[in-house]
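Notes follow the structure.
The values are calculated or read from the model by the stated rules, or taken from the named source; none is laboratory data. Here the structure is a predicted model, which means the values were calculated and not measured. Neighbour counts are summed over all protein chains in view; Cβ atoms, including those assigned to glycine, are modelled from backbone coordinates with ideal geometry. Side chains included, ligands, DNA and RNA excluded: accessible areas come from the protein's heavy atoms. Shrake-Rupley method; radii C 1.70, N 1.55, O 1.52, S 1.80 Å.
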Amino acid sequence: MSAAIDIRHLTKRFGALTVLDDISLQIEDGEFVVFLGPSGCGKSTLLRMIAGLEGVDEGEIALGDRRIDPLPPGERGVAMVFQSYALYPHMTVRQNMAFGLENVRTPKDEIERRTDAAAKILEIDHLLDRKPQMLSGGQRQRVAIGRAIVKEPKAFLFDEPLSNLDAALRGRTRLELAQLHQRLGATMIFVTHDQVEAMTLADRIVVMHDRRIEQIGTPMEVYQRPATKFVAGFVGSPAMSMLPVSGVTQGPSGARVTVDGVGDIDTAVPLPPGFAAKGASIGIRAEDTTPSDTGLPLTVDVIERLGDRTLLHGHLPDGSELVAQDTGRSTVTAGDTVRVAVDPHAVHLFDADGRAHHATGAD
Amino acid sequence: MAAPHRQSRLSNALFAAPYLVVFIALLVVPLIWGIYLSLQKADLFGLYGFTGWTNYARVLNDALFWQSVRNTLLFVVVTVPILVGIGLFLGLALNARTGGAAFMRGVYFSSTVLSVTIVTLIWRFVFIPGDGLLSLAFQAMGWQPIGFLSTEGWSLFSVGVATVWWCIGLPMILILAALQQIPGDLYEAAALDNASRWRTFTRVTLPQIRGTLILVATIQIVMQFQLFGQAQLMTNGGPNGTSRPMVLYIYRAAFENWDVGQGAAASELLFLIILVAAMGQYWVTSRGPRT
Ligand SMILES: Nc1ncnc2c1ncn2[C@@H]1O[C@H](COP(=O)(O)OP(=O)(O)O)[C@@H](O)[C@H]1O
Ligand SMILES: [Mg+2]
């Protein structure tokens, strides 16, 4: 039923503006893949090209063993859930779900069977005779998903489907989507700019930025071994702190990094051969820091209490900003200067081009 | 809580008051004045006393009145669906963001701004026997020319053509505006749902513009019942009154025969017919699925 998706050398232009540049990507059968990136990076465009709502300028898209990019949207075997849901306003929920099946002359009892089954899964069976305007945002969302499910597509496409829901409902629906994916085992592509959604839902995350794919990896790979400085800064909350590097030498366990006005930081990152300090930077996540007697002198500007832990937003003597972490019982107050130790195994080193180097494993 | 709410309602009424006064002055007063006149023996110089339903009886017993009613009904029944149909067709055809479409919208709308005098002048050039456009075309084809303005049947047809040409701008613009309100993602959803062009039109487009189509039809019914200028200037109601609409009948009675009472009575009857037709049309079309 569901199928793998193979995207080869895809390019998309709007007039003179190149939105996607030579994108290649393989999605496995049954995989849940999230396109993650800042607004305007081309996530929706890529999704809409798979759906057939945007033309392809160069490259190919295959679904299963069939090339689909020359086909019209309806013949591709994909179903899409829109950010705005795009329910037909004058049709009841049942008619909304049945419309696509009627169009391909599915037998009536089959339509009924599928609609009832989908309604049951999504717990909207009591709403089947209502019009969309009589539904809440969350209910509309379910109907939109139901309309996709009944088509039994080879792949599901979601374009920021949770962004119109309030925070509580968003969290719940996220979990339900994960369950739905397990239950159906279908190939799903999910577009979002929200890294929490990406981390919780994805088998693999495709991080996109500036017309290209920055990294493809599991949530943990993307988080712990970001391929580029952009990914490192985009994924994770609070954002990774970046300090400018003025010199790099071989230290006792790896690269020893000099930060102007701060001093040396010993890391466990193997010194890459020919690594140039010019334009390089070192990245530190708040969770990889601890208050200590030695370490970086951090002047705290803002305290952010999260209950179980406390984030210390401050600056170093050179003026660069750093977020450090303390326990939930932290007694630090704004204006204090504290010393912060950094876990040498958890820091990331970025060269001038933004390529990342990590402590363990080769890359 | 209650007091400010009531206060605001009062001030709302105050804001509406000036308009209400003008509205009553311009609409209700003539209506009542017309009813009053229709019950009087009256000419252009004065009133000569209350005559009860006499004027109505005279109108209803006048074969020319019934002829004008038949002409008007036929005219409305044919032109209104054509205006809605062509308006819808043009709306669909010109619903694009290209410069060409914008230009064509302007062209089709431009006839609307012309006065009835100019419109009839233009169409007389087309229909007039001898050196009219159609006449010349018929001669060139070697066909027998038709006296469009002076032949029974063809005269009302010619008035209808001129009217559709003149009035098409408003239906087109209203329907276009409704089409442009339809969210694009509905069409994308329909495309992913494998809907054919026809299914997309009937199940997505039509339900979305249904309210506007009803509005356009109502406006056109009310307007086309009041057909006057084109008929008077193109055919003068002829031949033998076969293109004479009700308003022309009223005009004849009141201002050529100086029988204001009879004209007023016929006017009230026209008012009633328009009211019944517009409400009947609304009732028929607004039943069924609500959007
Ligand atoms: N129809 C279009 N015409 C011109 N530019 C477009 C069109 N659709 C999208 N774009 C541009 O393409 C870029 C990517 O858009 P999009 O795929 O919607 O981004 P995202 O979904 O990642 O926020 C943006 O710069 C946007 O302005
Ligand atoms: Mg988008």
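Summary table below
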quantity: Members of segment B:146-159 found to be at negative phi and either open to solvent by 10 Å² or more (accessible area, probe 1.4 Å) or without any contact (Cβ under 8 Å) to a residue 40 or more places away in the chain (or both), listed by number; calculated: B:ILE146, B:GLY147, B:PHE148, B:LEU149, B:SER150, B:THR151, B:GLU152, B:TRP154, B:LEU156, B:PHE157
quantity: Total residues in segment B:88-106, condition among the aliphatic types (A, V, I, L, M), open to solvent by 50 Å² or more (accessible area, probe 1.4 Å) and touching a residue at least 60 places away in the same chain (Cβ under 8 Å); calculated: 1
quantity: Pairs, first within 11 Å of another protein chain (Cβ to nearest Cβ) in segment A:40-54, second part of a helix (DSSP H, G or I) and within 7 Å of ligand 1 (Cβ to nearest atom), C-beta under 7 Å, six or more apart; calculated: A:GLU54/A:THR45
quantity: Segment A:190-215: number of residues that are part of a helix (DSSP H, G or I) and closer than 21 Å to A:PRO153 by Cα; calculated: 1
quantity: Any chance A:GLU160 is over 19 Å from A:GLY42 (Cα atoms) and either away from ligand 1 (no atom under 16 Å from the Cβ) or in contact (Cβ under 8 Å) with a residue 40 or more places away in the chain (or both); calculated: no
quantity: Selection within segment A:292-321 - of a type in the set (Val, Ile, Thr), open to solvent by less than 50 Å² (accessible area, probe 1.4 Å) and either under 23 Å from A:GLY263 (Cα atoms) or in contact (Cβ under 8 Å) with a residue 60 or more places away in the chain (or both); calculated: A:THR299, A:VAL300
quantity: Residue among B:VAL77, B:VAL84, B:VAL29 that alone is over 23 Å from B:ILE221 (Cα atoms) and β-branched (Val, Ile, Thr); calculated: B:VAL29
quantity: Selection from segment A:322-352 of residues that are open to solvent by 40 Å² or more (accessible area, probe 1.4 Å) and either touching a residue at least 40 places away in the same chain (Cβ under 8 Å) or hydrophobic (A, V, I, L, M, F, W, C) (or both); calculated: A:ALA334, A:THR337, A:ARG339, A:ASP343, A:PRO344, A:HIS345, A:ALA352
quantity: Subset of segment A:12-29 that is of a type outside the set (A, V, I, L, M) and within 18 Å of the chain's Cα centre (by Cα) - its residue that is nearest to ligand 2 (Cβ to nearest atom); calculated: A:SER24
quantity: Listing of helices (runs of 4 or more DSSP H) fully contained in segment A:20-135 that carry 3 or more residues being more than 15 Å from ligand 1 (Cβ to nearest atom), of a type in the set (Asp, Glu) and open to solvent by 10 Å² or more (accessible area, probe 1.4 Å); calculated: A:108-122
quantity: Any chance A:PHE82 is under 24 Å from A:GLY146 (Cα atoms) and more than 14 Å from chain B (Cβ to nearest Cβ); calculated: no
quantity: Within segment A:1-19, tally of residues that are surrounded by fewer than 22 Cβ atoms within 10 Å (Cβ to Cβ) and basic (Lys, Arg); calculated: 2
quantity: Top-ranked residue in segment B:178-199 [being within 30 Å of the chain's Cα centre (by Cα) and open to solvent by less than 50 Å² (accessible area, probe 1.4 Å); ranked as nearest to the other protein chains (Cβ to nearest Cβ)]; calculated: B:ILE182
quantity: Qualifying residue in segment A:209-217 (condition: surrounded by 19 or more Cβ atoms within 10 Å (Cβ to Cβ) and within 9 Å of the chain's Cα centre (by Cα)); calculated: no
quantity: Condition broken by B:ALA195, with the remaining ones in (1) modelled with pLDDT under 90; (2) outside any helix (DSSP H, G or I); (3) farther than 30 Å from B:ASN61 by Cα satisfied; calculated: (1)
quantity: Scan of segment A:190-230 for residues that are within 27 Å of A:LEU165 (Cα to Cα), of a type outside the set (A, V, I, L, M) and more than 16 Å from ligand 2 (Cβ to nearest atom), ordered by number; calculated: A:THR200, A:ASP203, A:ARG204, A:THR218, A:PRO219, A:TYR223
quantity: Scope segment A:144-189; condition among the hydroxyl-bearing types (Ser, Thr, Tyr), outside any helix (DSSP H, G or I) and more than 16 Å from ligand 2 (Cβ to nearest atom); matching residues; calculated: A:THR187
quantity: Options A:THR192, A:THR228; residue that is more than 16 Å from ligand 1 (Cβ to nearest atom) and among the polar types (S, T, N, Q); calculated: A:THR228
quantity: Test for B:MET223: is it open to solvent by less than 10 Å² (accessible area, probe 1.4 Å) and away from chain A (no Cβ under 14 Å); calculated: no
quantity: Sole exception among (1) away from chain B (no Cβ under 11 Å); (2) within 16 Å of ligand 2 (Cβ to nearest atom) for A:ARG94, by number; calculated: (2)
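Here's the yes/no breakdown for (1) part of a helix (DSSP H, G or I); (2) of a type outside the set (Lys, Arg); (3) more than 17 Å from B:LEU269 (Cα to Cα):
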site: B:PHE15; (1), (2), (3): yes, yes, yes
site: B:VAL22; (1), (2), (3): yes, yes, yes
site: B:LEU26; (1), (2), (3): yes, yes, yes
site: B:PRO30; (1), (2), (3): yes, yes, no
site: B:LEU47; (1), (2), (3): no, yes, yes
